[in-house]
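J.: Pasting a structure here, questions to come.
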Amino acid sequence: MVQHYYQELVGFFSHTLRNRDAATDIVQECYARVLAMDPSVAIAEPRALLYKIGKNLIVDDARRRNAEARMLATLALTGSDELPSVEHEVMVRQQLDRLLARLARMPGKRREAFIMVRVYGYSHREAAEHLCSSVAAIEKHVVRAVLDCIDMTC
């Protein structure tokens, strides 16, 4: 299987990413994930599975980069010449601790939906697909999670 699809996959992902080195990394990760699968599971279409894994890896990487960019943009708002005071840093750490405690108390699906939509930037539809839920349920989970966290701004 490795020799049969390797060049085809590298070619496809090289064209998609416009970077042959990144494409070979993606293809290598595709094969690593397929080989790590339960050997008792029969793979009917190995080629399709390899393509799907590769595309998912690219989407995940794009989401990660997008989340990093949003975080850097948020950090840039404070300005490089404005160093936070010790009091401000303590206040922010306390607020983060309160947020983490509230997240820990939330029901699992509510917490997952909130994190996927608000932190990682998933759309409600994408979060619904990932959590095997409806878009309406995801919307309700996110609203309830926001309501759970609403008085933290005080």
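No lab work stands behind these numbers, since they all come straight from the coordinates. Everything numeric here is computed off the predicted structure, so don't read it as measured data. So basically every Cβ, Gly included, is an ideal-geometry build from the backbone, and we count neighbours across all protein chains shown.
J.: Which is farthest toward the positive dipole end of the chain among Ala136, Val146, Tyr122, measuring Cα position about the Cα centre, with Cβ charges +1 (Lys, Arg) and -1 (Asp, Glu)?
T.: In the chain, that residue is Ala136.
J.: Cross-link candidates for Lys109: which aspartates and glutamates have Cα within less than 12 Å, leaving aside residues fewer than 8 places away along the same chain?
T.: Glu139
J.: A further question follows. Neighbour counts of other C-beta atoms within 10 Å: give me Asp148, Asp60 arranged from fewest to most.
T.: Asp60, Asp148
J.: Arrange the following residues from fewest to most other Cβ atoms within 10 Å of their Cβ: Met116, Met71.
T.: Met71, Met116
J.: Give me Rg/Rg_expected for the range 2-74, where Rg uses Cα atoms only and Rg_expected = 2.2 N^0.38 Å with N residues.
T.: Against the compact-globule rule of thumb, the ratio is 1.26.
J.: If you don't mind, another one. Express in nm, to one decimal, how much length is gained between Arg125 and Asp21 on full extension, taking 0.36 nm for each residue of separation and deducting their alpha carbon distance.
T.: Extra length from Arg125 to Asp21 when fully extended: 34.2 nm.
J.: So what is the calculated 222 nm ellipticity per residue for the chain, using -39500 (n - 2.57) for each DSSP H run with n of 4 or more, over all residues, to the nearest 500 deg cm²/dmol?
T.: So the calculated ellipticity at 222 nm is -24500 deg cm²/dmol.
J.: A further question follows. Just order 99-111, 124-136 by mean Cβ neighbour count inside 10 Å, highest at the front, would you?
T.: Put in order of decreasing packing, that is 124-136, 99-111.
J.: Next up: Taking the alpha-carbon set of the chain, what are its Rg and Dmax in Å?
T.: 20.7, 61
J.: What's the local net charge at Ala127, with K and R +1, D and E -1, over the other residues with C-beta under 13 Å away?
T.: +3
J.: Related question: Relative contact order, percent, of the range 2-74 when contacts are C-alpha pairs under 8 Å separated by at least 6 residues?
T.: 26
J.: When a footprinting reagent is the concern and you count Cβ atoms within 10 Å, what order do Ile138, Ile150, Ile58 take, fewest first?
T.: Ordered from fewest to most neighbouring Cβ atoms within 10 Å, Ile138, Ile150, Ile58 come out as Ile150, Ile58, Ile138.
J.: If you put +1 on each Lys and Arg Cβ and -1 on each Asp and Glu Cβ, how big is the dipole of the range 2-74 around its Cα centre, in Debye rounded to 20?
T.: Charge dipole of the range 2-74: 280 debye, to the nearest 20.
J.: Suppose every K and R has +1 on its Cβ and every D and E has -1 on its Cβ; what is the size of the dipole of the chain about the Cα centre, in Debye to the nearest 20?
T.: Charge dipole, the chain, about its Cα centre: 500 debye, nearest 20.
J.: What is the helix-to-structure angle for 2-17, meaning the angle in degrees between its Cα long axis and the longest Cα principal axis of the chain, kept from 0 to 90 and rounded to the nearest 10?
T.: Between the helix axis and the principal axis of the chain, the angle is about 50 degrees.
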